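The values are calculated or read from the model by the stated rules, or taken from the named source; none is laboratory data. Keep in mind that this is a model prediction, so the values were computed, not measured. We place every Cβ from the backbone using ideal geometry, glycine too, and count neighbours over all the protein chains shown. What goes into the accessible areas is simple: the full protein's heavy atoms, side chains included, and nothing from ligands, DNA or RNA. Shrake-Rupley method; radii C 1.70, N 1.55, O 1.52, S 1.80 Å.
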Amino acid sequence: PTGPMAAIDLGTNGEVMVTDGKQILTASTAAGPAFEGVNISCGTRAIDGAIVDLKLDDGKVNFNTIDNKEPIGLTGSGLLSTVSEFRKAGVIDVSGRILAAPATFVDRVITDLNGLRSIKLTDDGRLLLTQHDVRELQKAKGAIRAAIDVLLNKLGLSPNDLQKVILTGSFGGQVDIDAIINIGMIPPVRREVVETAANGAGFGAAIFLSDDGFALGEKLAAESKQIDLDLDANFNMLYIEGMALA
């Protein structure tokens, strides 16, 4: 589309672009390494047995792991779907708190000696989703959401104005779009406008290999305006609001 759209590269450094079809605004935000499974209690790289997706069905926890091996830990996408699913099930509330006595999956909630709660992902409790894990994801998604909200506000756009939203990056290219929307990592846009692209940065770089593509890149760079988020008066408030799982 030539109208309003957004592109978000989800990673440790989240790169965000929003345009109203005329102005192009860009921003960079520090999301941290949670999307790569770092600082997550059972986080793992994308190796055999890594959980890339989790679904709750009829009181059961179902994993989708790499090479269908026994689950060994959560990748970034696995963390995202896990938090999204337990949020939908009411085990995690909108503030990110793991509830002590949820209406469902109460047998999977455990509390340690310090009063910190975790959710058993495996029946034996070998893999846990801890309260700290949820907070790490909240900080990462809050940074992404706040960056998008700042750019939308500066262009006077609402989420429904966006005709296309592209999620890209090594994490963004293979995430569960419904989970992304469910936890509020992106504003409440129409589901049908969201799509993923595996390597948007690489595709963009490849365009520069032709003379016409290089000229287009120079034109877009000249027309784009970089927004420093730390100078925006509303960023801190939007960041805190953006950590809500809604």
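Among all residue pairs at least 6 apart or on different chains, which show Cβ distances below 6 Å where the first residue, located in the range 105-124, is farther than 20 Å from K60 by Cα and the second is among the basic types (K, R) and open to solvent by less than 80 Å² (accessible area, probe 1.4 Å)? Within 6 Å, the pairs are T111/R117. Scanning the range 76-108 for residues that are more than 24 Å from the chain's Cα centre (by Cα) and crowded, with 16+ Cβ neighbours inside 10 Å yields P102, F105, R108. Listed by first and then second residue, the pairs with beta-carbon distance under 8 Å, at least 6 apart or on different chains, first residue in the range 195-214 and within 21 Å of S170 (Cβ to Cβ) and charged (D, E, K, R), second assigned to a helix (DSSP H, G or I) and at pLDDT 85 or above, are E195/I177.
Let's see how each residue does on (1) closer than 29 Å to A198 by Cα; (2) not hydrophobic (A, V, I, L, M, F, W, C):
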{"residue": "F63", "(1), (2)": "yes, no"}
{"residue": "R87", "(1), (2)": "yes, yes"}
{"residue": "I110", "(1), (2)": "no, no"}
{"residue": "K120", "(1), (2)": "no, yes"}
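Taken over the range 117-142, residues that are within 18 Å of the chain's Cα centre (by Cα) and farther than 28 Å from A30 by Cα amount to 0.
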